[in-house]
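The values are calculated or read from the model by the stated rules, or taken from the named source; none is laboratory data. No experiment lies behind these values; they were computed from the predicted model shown. Every residue, glycine among them, receives a Cβ derived from its backbone with ideal geometry; neighbour counts consider all protein chains shown. Ligands, DNA and RNA are excluded from the accessible area calculation, which covers all protein heavy atoms including side chains. Shrake-Rupley method; radii C 1.70, N 1.55, O 1.52, S 1.80 Å.
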Amino acid sequence: MAAEVRPRLTVLSGPSGVGKSTVVAHMRKVHPEVWLSVSATTRKPRPGERNGVHYFFVTDDEFDKLVANGELLEWAEFAGNRYGTPRAAVMERLDRGEPVLLEIDLQGARLVRESMPEAQLVFLAPPSWDELVRRLTGRGTESQEVIARRLDAAKIELAAEAEFDTTLVNTSVEDVARELLALMAVV
């Protein structure tokens, strides 16, 4: 009898504003069995975000403890805040055979590649630079300074596309969600 194959961890990354959250939300509506890891962050909640649903909102001291205790699969600092993936929940779901998706930044994806080389890294690219700028400035949730930092980071992130196993271009949320599900072997 063949051993049961544990599903691969799938990591979705790409520049800020490319639509990662929108794609993931659409995908999970269609396939709620795909488990999306909820990151811990030191960032303050945006309007409508709920603790434990969108993020685990923690203090700097709490985040320091998670790092010190090795409880994060990866963590990174971005735009003045820290974000990290709680390790235990990811491993439990993979061990149970559930498809697991991480939606994280480039730095986090690189750290996952180091700690879990078998993970599948998927890069979500914008249709164009102009479209990415439009999406970032159109949010209306960040200051010009934060937008400028995000655009500078996006240039670096776009240059790292070759480090990923697969690239999906976000021209249509529905199409990208379907392609991502196929990569995860959920469809």
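Tell me, please, whether a residue that is open to solvent by 30 Å² or more (accessible area, probe 1.4 Å), on the phi > 0 side of the Ramachandran plot and without any contact (Cβ under 8 Å) to a residue 12 or more places away in the chain can be found in region 7-28.
Checked region 7-28: no residue is open to solvent by 30 Å² or more (accessible area, probe 1.4 Å), on the phi > 0 side of the Ramachandran plot and without any contact (Cβ under 8 Å) to a residue 12 or more places away in the chain.
Being closer than 21 Å to Ala153 by Cβ, among the basic types (Lys, Arg) and either at pLDDT below 90 or in a loop (DSSP other than H, G, I, E, B) (or both) is the filter here; which residues of region 3-60 pass it?
Arg43, Lys44, Arg46 - these are the residues of region 3-60 that are closer than 21 Å to Ala153 by Cβ, among the basic types (Lys, Arg) and either at pLDDT below 90 or in a loop (DSSP other than H, G, I, E, B) (or both).
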